[in-house]
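Everything on this sheet refers to the single structure shown next.
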Amino acid sequence: MSAQGATPELLGRLAVSPSRRRRDRIARGTILGATILALIPLVLIVYYLLKKGLGSWSSDFFTTDPTGNTFFKTSTIGGIKSAILGTIEIVALASAIAIPLGIAVAVWLVEYGRDGRFAQLVRFFVDVLTGVPSIVFGLFIYIVLVVGTGSSYAGYKGSIALALLMLPVVIRSAEVILLLVPAGLRESALALGSPRWRVIARIVLPTALPGMVTGVLLAVARAAGETAPLLFTAGSTHVTSSNLGSFMNSLPVQIYNDVNSPTESVVNRAWGAALTLVALILLLNLLARLISRRSRLA
Amino acid sequence: MTPTGPTEQVSNLDPDTPPDTGRETASEAARPIVSPERREERAGPVTHAGLSVKLEGLKAFYGKAEQVKGIDLEFKANEVTAIIGPSGCGKSTMVRCINRMHEEIPGARAEGRVMLDKIDVYDPSIDVVAVRRAIGMVFQKPNPFPTMSIFDNVAAGLRLTARRGDLREKVERALRGAGLWEEVADRLSEPGAGLSGGQQQRLCIARSLAVEPEVILMDEPCSALDPIATLRIEELIDELKARVTIVIVTHNMQQAARVADRTAFMLDGKLIEVGPTPTIFTTPSDPRTEEYVTGKFG
Amino acid sequence: MAALILALIVYFFVRLFDEARPAFSQAGVFGFAFSNNWNPSAGHFGALPLVVGTLITSALALIIGVPVAVAAAIYTTELAPRRLRTPLTVLVELLAAVPSVVYGLWGIFFLAPKLRGAEQWVADRLSFVPFIGGGIVTIPNCFVAGLVLAIMILPIVSAISREVMATVPSDHKEAALGLGATRWEMIRIAVLPYCRSGIVGGAMLGLGRAIGETIAVTILVGDTQQMVSHLFGQSNSLAAAIANEFGEATGTHRSALFAAGLVLFVLTLLVNSLARLFVVRAGRATSPPRAEDHTSKGAGMLMAADTAAGA
């Protein structure tokens, strides 16, 4: 018996059962639906931020300090000047600590430690550090620097907490970028008789620079948005101060404090501050992306 | 069905094969061929025969670039046709148009007609999914699904149509048809990726056979295999042609001479010559064909 | 220098434990974690309500967030037109740029009120179902917290899933298509099984994030000392309790909060370590066995996760 390819029978063979087609269509539709669902919150957040936040923006908003009045409707509530400046100062200090330290550790890991026992240990602990909840960083600094020294909240203590938070991110991203630098590049420099540190300084780092800057900027953006580590370290205050040794305000903490207020104008201020913070973070992200495009690696 | 012993090498020449056609070495003359009776024993009676495929004016494009430039070619039912030609001449592309895999590449498209018996597979009323079930494909690199057992690999295609029939029976038949049953019958639940290269490729053939296609396309199926595995597969091809039409792309001319009934020579996207294998290799009509088969280029 | 970091971290752990000791000594470690009586003013510090609260909101986040994130990853890598791939990726990752305090703000002033009607409807219709139905919907409530957490973990889970899916060799996809599979069938048999461990790893990283999330949860979950009684009611969590109560806590209360912090730390540590095992294993399975390659591939994936982890 041999089946001849009679056309009607062949057509039968070439039919796809409608239920299979339906399942395919339903599956793809569901997946598309879920994807749209994933994007909706972003749209809503941006929309609401703009709607509520822009209304609060004004020149006064940025140039006056919050008055600390969150209750009386008749008095003014002020703007967010100290919060903005505070965030800038605290994050700047945190970056100044975390970035050099982080890059140094990453360089050591890639160039010297490599796959040795000790290096693996360090990597493990860096991994551990990445997963620590942000509030625990705050608690730690609190124990060590506030209780331990018997002094009070201070801006720089908040910076240290933030630096601890940034450290693993900087180390990890720097490490990834450094690993991408082709081994051949290092080898040819070494073969020319250049000492290791010079190869690193003159050749490896410059090549890796754009990538590392990207990683750093993302770490900074993340630190700028953190609230919990600052709650018990830098505390909060209303006045602008450039003294990192005393209480210092910051945008996230300001927002956090304002959220619970019953006064509408204070809540509106919180929205304005939120918009400012998000704008700042987005700016940093954008910068990071632009720089990463100029990278010669990856 | 009585199970046969391992590796059958019967050297009596099968009366159906074409006469000796000026092959170069003695080792090639000692082609191991399985007699028709042995064929039926191994794979069961033929219940399903192949169909002819006819290309009419087939062109294939990658974006704007025309890779296959108008081909008219017929593959007769239940025959093995080899496509030979230098690298880049478009043989793989052409073959991938037959089961409409070519269009899966972004920006790629095909024009012309591909007639499976009397139906144009490019007809808009025909579902591409069904075409691929009727026209199977074996790829260059063996690619069994890594997360599936041997059994599941072969059954994968069958499960798609969820027909109630006995899966075990069909899987066994397919594995026998691929000459793999004896080797794996006792370890069907082991992962497919644990087999040797040659076995994996035969697994892929079994996988294609399970859905009972009319045509099987093979794109350089032996190029990643060692010579012994290659010969096993060539032997298999000879058995299989009783049930399916086979089109095999190969860059190995000796292989074409061994397995194919007819051979087509392609150059630069065009069909130069097609004819019975012995003719193409001993008395080709086109000088370019002669140059290629005598090794002057390619 | 690296030794310094190591020392620092060890010191960190030790100090934390030290501070927490008084609370533990009061009722023993398990007594602390598992007794259901968080009443600081009365001097009782059984943290079970906090632990349960943390776990429930995190579980909610996973249940809602992971399927959506994986679906988005599937769409981006397999189904979307090529031109849309980068924009889609960027948009989902943008969710990570929003700081958690802003999520809290948005959640409590926009989302919670909007959902209140629907939540009440569900609670009424399903009043026979324990835990979900039959209560009054409060404004900070457990469900909204879980929902916002789900949104917050979308970027991480999606990023890792996407990375793993992108590494599926096209061989396998072609094999499936060659057998006559529809697009969805191809995804089902060739893509998803391949990515299983990577996706699980991503989900666990998301879980770790959800557990440790402080500020958004604090704002959105309320501040009750009771164990959460129904889905749409108030709840508490380890991190939230610390944020809420630390400012004015003294003595045993304070060390109880440290103990809570310790429990939190250990929890996230466990979950994250497990997660990394899965993700690195997924990276290893797909790259050639050269030491540099899979460390950096796994590290690359983890970096993608960190970038997506944001604040």
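Got a number for residues in the stretch C:151-191 being within 9 Å of another protein chain (Cβ to nearest Cβ), within 24 Å of A:Ala38 (Cβ to Cβ) and either buried (at least 24 other Cβ atoms within 10 Å of the Cβ) or in contact (Cβ under 8 Å) with a residue 24 or more places away in the chain (or both)?
Number satisfying all stated conditions: 6.
So, restricting to helices (runs of 4 or more DSSP H) that lie completely within the stretch B:187-298, which ones have at least 3 residues that are over 25 Å from B:Ala49 (Cβ atoms) and among the hydrophobic types (A, V, I, L, M, F, W, C)?
Numbers: elements: B:197-210, B:227-240, B:253-259, B:277-282, B:287-293.
Helices (runs of 4 or more DSSP H) meeting the threshold: B:227-240.
Scan the stretch C:75-98 residue by residue and report those that are more than 7 Å from chain A (Cβ to nearest Cβ), in contact (Cβ under 8 Å) with a residue 60 or more places away in the chain and not polar (S, T, N, Q).
Answer for the stretch C:75-98, where residues must be more than 7 Å from chain A (Cβ to nearest Cβ), in contact (Cβ under 8 Å) with a residue 60 or more places away in the chain and not polar (S, T, N, Q): C:Glu78, C:Glu93, C:Ala96.
Provide a single number: the residues in the stretch A:258-279 that are surrounded by fewer than 24 Cβ atoms within 10 Å (Cβ to Cβ) and either basic (Lys, Arg) or without any contact (Cβ under 8 Å) to a residue 60 or more places away in the chain (or both).
The number of residues fulfilling the criteria is 5.
So, in the stretch A:131-187, how many residues would count as being facing another protein chain (nearest Cβ under 9 Å) and assigned to a loop (DSSP other than H, G, I, E, B)?
Total satisfying the criteria: 4.
For the stretch B:241-257, name all the residues that are in contact with a Lys or Arg (Cβ under 9 Å, 6 or more places away or on another chain) and surrounded by 21 or more Cβ atoms within 10 Å (Cβ to Cβ).
Selection gives B:Thr245, B:Val249, B:Thr250, B:Ala257.
With the requirement that a residue be of a type in the set (S, T, N, Q) and away from chain A (no Cβ under 14 Å), what does the stretch B:51-80 give you? Explain how you work it out, then say what you get.
Going through the stretch B:51-80, the residues of a type in the set (S, T, N, Q) turn out to be B:52, B:67, B:78.
Answer for the stretch B:51-80, where residues must be of a type in the set (S, T, N, Q) and away from chain A (no Cβ under 14 Å): just B:Gln67.
What pairs come out if I take residues in the stretch A:88-115 that are among the small types (Gly, Ala, Ser) and pair them with residues that are modelled with pLDDT under 85 and outside any helix (DSSP H, G or I) whose C-beta lies under 7 Å away, six or more apart or interchain?
Within 7 Å, the pairs are A:Ala104/C:Met1.
Which condition breaks for C:Leu62 when tested against (1) hydrophobic (A, V, I, L, M, F, W, C); (2) farther than 27 Å from A:Gln254 by Cβ; (3) at the interface with chain A (Cβ under 8 Å from one of its Cβ atoms); (4) under 15 Å from the mean Cα position of the chain (by Cα)?
So C:Leu62 meets the others, but not (3).
Can you tell which of A:Trp197, A:Trp271 is out of contact with any Lys or Arg (no Cβ under 7 Å at 6 or more places or on another chain) and hydrophobic (A, V, I, L, M, F, W, C)? I'd like the intermediate steps shown before the answer.
Working: A:Trp271 fails: out of contact with any Lys or Arg (no Cβ under 7 Å at 6 or more places or on another chain).
None of the others qualify; the one that does is A:Trp197.
Which one of these is more than 8 Å from chain C (Cβ to nearest Cβ) and either in contact with a strand residue (DSSP E or B) (Cβ under 6 Å, 6 or more places away or on another chain) or modelled with pLDDT under 90 (or both): A:Gly29, A:Gly86? Break it down stepwise before answering.
Working: A:Gly29 fails: either in contact with a strand residue (DSSP E or B) (Cβ under 6 Å, 6 or more places away or on another chain) or modelled with pLDDT under 90 (or both).
Answer to the check: A:Gly86.
Being buried (at least 24 other Cβ atoms within 10 Å of the Cβ), touching a Ser or Thr at 6+ places or on another chain (Cβ under 9 Å) and not polar (S, T, N, Q) is true for just one of C:Gly212, C:Gly201, C:Gly233. Which residue is that?
On the way: C:Gly201 fails: touching a Ser or Thr at 6+ places or on another chain (Cβ under 9 Å); C:Gly233 fails: buried (at least 24 other Cβ atoms within 10 Å of the Cβ).
Checking each option against the conditions leaves just C:Gly212.
Could you tell me whether the stretch A:48-58 includes any residue that is under 30 Å from B:Asn78 (Cα atoms), in contact with a Lys or Arg (Cβ under 9 Å, 6 or more places away or on another chain) and at pLDDT below 90?
Within the stretch A:48-58, the first condition is being under 30 Å from B:Asn78 (Cα atoms), and the residues that meet it are none.
No, the stretch A:48-58 has no match at all.
It is to be established whether one or more residues within the stretch A:114-129 are closer than 29 Å to C:Ala216 by Cα, assigned to a helix (DSSP H, G or I) and more than 7 Å from chain C (Cβ to nearest Cβ). Steps first, answer last, please.
Going residue by residue through the stretch A:114-129, those that are closer than 29 Å to C:Ala216 by Cα are A:124-129.
Then drop every residue that is not assigned to a helix (DSSP H, G or I), which leaves A:124-129.
With more than 7 Å from chain C (Cβ to nearest Cβ) added as a condition, the list becomes A:124, A:126.
Checking the stretch A:114-129: at least one residue is closer than 29 Å to C:Ala216 by Cα, assigned to a helix (DSSP H, G or I) and more than 7 Å from chain C (Cβ to nearest Cβ).
Identify, please: which residue in the stretch B:81-115 is touching a Gly at 6+ places or on another chain (Cβ under 8 Å) and within 11 Å of another protein chain (Cβ to nearest Cβ) and is, among those, farthest from B:Ala224 (Cα to Cα)?
Ranking the qualifying residues of the stretch B:81-115, first place goes to B:Gly107.
The values are calculated or read from the model by the stated rules, or taken from the named source; none is laboratory data. The shown structure was predicted, so the numbers you read here are calculated from the model rather than taken from an experiment. Ideal geometry is used to build each Cβ from the backbone, glycine not excepted, and the neighbour counts take in all protein chains shown.
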